[in-house]
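The values are calculated or read from the model by the stated rules, or taken from the named source; none is laboratory data. This structure is a prediction, so every number in the text was calculated from the model and none was measured. As a convention, Cβ positions derive from the backbone with ideal geometry for all residues, glycine included, and neighbour counts pool all protein chains shown.
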């Protein structure tokens, strides 16, 4: 099973951070912090994210290592 970052899932859905925040009832800042691995979503928030994206909770990568790997891959693709 491929795990995807919150940022990638959100962008594929065509949503802004504000859009996603409104869909799951959190602040835009929470979304930003999850996408940059400053904080992690709670189990309840992770379930709401999965429901919003129509995927399983296990499919969402939000840990610092996953976010940093995604950031490095995006940087590499720009070079």
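So which residues in region 4-38 are part of a loop (DSSP other than H, G, I, E, B), surrounded by 15 or more Cβ atoms within 10 Å (Cβ to Cβ) and touching a helix residue (DSSP H, G or I) at 6+ places or on another chain (Cβ under 7 Å)?
Filtering region 4-38 for residues part of a loop (DSSP other than H, G, I, E, B) gives 14-16, 25-27, 36-38.
Cutting the leftovers down to surrounded by 15 or more Cβ atoms within 10 Å (Cβ to Cβ) gives us 15, 26, 37.
Within region 4-38, 26, 37 qualify.
Report, ordered by the first and then the second residue, all pairs with beta carbons closer than 8 Å, sequence separation of six or more or different chains, a first member in region 21-36 that is in contact (Cβ under 8 Å) with a residue 12 or more places away in the chain and on the phi > 0 side of the Ramachandran plot, and a second member that is surrounded by 18 or more Cβ atoms within 10 Å (Cβ to Cβ) and outside any helix (DSSP H, G or I).
Nothing qualifies.
Return the total of residues in region 58-74 being under 17 Å from residue 24 (Cα atoms) and without any contact (Cβ under 8 Å) to a residue 12 or more places away in the chain.
0
Identify all residues within region 46-77 that are touching a strand residue (DSSP E or B) at 6+ places or on another chain (Cβ under 7 Å), assigned to a helix (DSSP H, G or I) and modelled with pLDDT of 80 or more; write none if there are none.
Answer for region 46-77, where residues must be touching a strand residue (DSSP E or B) at 6+ places or on another chain (Cβ under 7 Å), assigned to a helix (DSSP H, G or I) and modelled with pLDDT of 80 or more: 46, 49, 50, 59.
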